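Worksheet: one structure, shown below.
The values are calculated or read from the model by the stated rules, or taken from the named source; none is laboratory data. All of these numbers come straight from a predicted model, not from anything done at the bench. Glycine gets a Cβ as well: all are built from the backbone with ideal geometry, and neighbour counts include every protein chain shown.
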Amino acid sequence: MPRVLIVEDDEAMATALRDGFSYEGYDVSVARDGQAGLKLAGEGTPDVIILDVMLPKMSGLDVCKQIRREGNPVPILMLTARGQEIDKVLGLKLGADDYVTKPFGFLELMARVEAILRRGSAGKPGLESYRFGDVEVDFKKGEARKKGKLVDLSPRELRLLEFFIRHRGEVVAREVLLDTVWGYDSAPLTRTVDMHVAKLRKKIEDPRSEPKFLITIHRMGYKFTG
C-alpha cells in the first residue's frame with residue numbers, strides 16, 4: 001500500500017487526514033512538528049509527504065528545503081493558508097511538487113496526491129530485469145522466460161507486469177491500471193484489465209494450480225506477490 005507522511009501541527013486536521021487516508025488504504029505516519037517530520041521523511045521512506053507550511057520547531061519551507069538538500073526525491077504536497085501567495089511560490093521553488101490552499105476538501109487533496117503518485121510512477125526509470133518463481137523478465141529486451149523457455153508477452157502485458165512488479169505487495173485497483181497502463185480514466189472499461197490479467201496469468205503462472213503471483217482481491221483489484 002502507498003505510504004503517506006502527514007506533517008501537520010493542528011490536532012484536528014492531522015487526525016482528519018490520518019483517518020481519511022487510512023480509510024483510502026494508505027499506510028499513514030503523522031508528525032506534529034517540522035523536526036519530527038524531517039526525521040520521519042528520512043527514516044520512513046514515504047511515497048508522498050503532505051507538509052504544512054506553518055509548523056513549530058521548523059517551518060514546512062525549511063523542511064522541504066532540507067529534504068531536497070539531502071537528495072530525497074519524495075513527492076511533497078504543501079498546505080498553505082489562504083492569501084499566503086509567497087509561501088506557494090517559495091515552496092515550489094524549494095522543490096515542492098504541488099500545494100493545496102486551506103480550507104480544502106478531502107476529495108480535492110486525494111485527487112492531487114493520486115496525480116502526484118501517478119506522475120512519480122510514470123517518471124521512474126524502467127526496470128531492466130526481474131525474476132520471480134521460475135519466471136525471468138528482461139524488460140530491456142522485451143522478453144520473458146518461464147523455466148528457461150521464451151514466453152510471448154505483448155508490449156501491453158510487459159507494461160502491465162512491470163507496473164505490478166513496481167507495486168508488489170500492494171492492492172492495485174482496476175481503475176488505477178486503466179489510468180496508468182492504458183491511459184484511460186473510464187470505469188466501464190475495467191473488464192479490459194480482467195481479460196489482460198487472465199492472459200498474463202496463463203503465461204506466467206502454473207496452470208495446474210491456483211494463481212500464486214497475480215492474486216485477485218475481491219471487489220478491490222489485484223496484488224502481485226512475486
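Points to keep in mind about this one:
So that you can scan it fast, the table gives a plain yes or no per residue for (1) in a loop (DSSP other than H, G, I, E, B); (2) modelled with pLDDT of 85 or more; (3) on the phi > 0 side of the Ramachandran plot:
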position: 115; (1), (2), (3): no, no, no
position: 164; (1), (2), (3): no, yes, no
position: 181; (1), (2), (3): no, no, no
position: 189; (1), (2), (3): no, no, no
position: 192; (1), (2), (3): no, no, no
position: 202; (1), (2), (3): no, yes, no
position: 209; (1), (2), (3): yes, no, no
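- Positions within region 9-40 being over 21 Å from the mean Cα position of the chain (by Cα) and either crowded, with 21+ Cβ neighbours inside 10 Å or touching a residue at least 60 places away in the same chain (Cβ under 8 Å) (or both), in sequence order: 34
- Only a single item in (1) at pLDDT 85 or above; (2) more than 24 Å from residue 97 (Cβ to Cβ) is not met by residue 141, and it is number (1).
- Within region 126-184, being free of Cβ contacts under 8 Å to residues at least 40 places away in the same chain, within 24 Å of residue 1 (Cα to Cα) and aliphatic (A, V, I, L, M) holds for 127, 137, 158, 178, 181.
- Pairs are defined by a Cβ separation below 8 Å, a sequence spacing of at least 6 or placement on different chains, a first member in region 210-222 that is free of Cβ contacts under 8 Å to residues at least 60 places away in the same chain, and a second member that is of a type in the set (Phe, Trp, Tyr) and surrounded by 12 or more Cβ atoms within 10 Å (Cβ to Cβ); the pairs so defined are 214/164; 214/222; 214/224; 215/222; 215/224; 216/222; 222/164.
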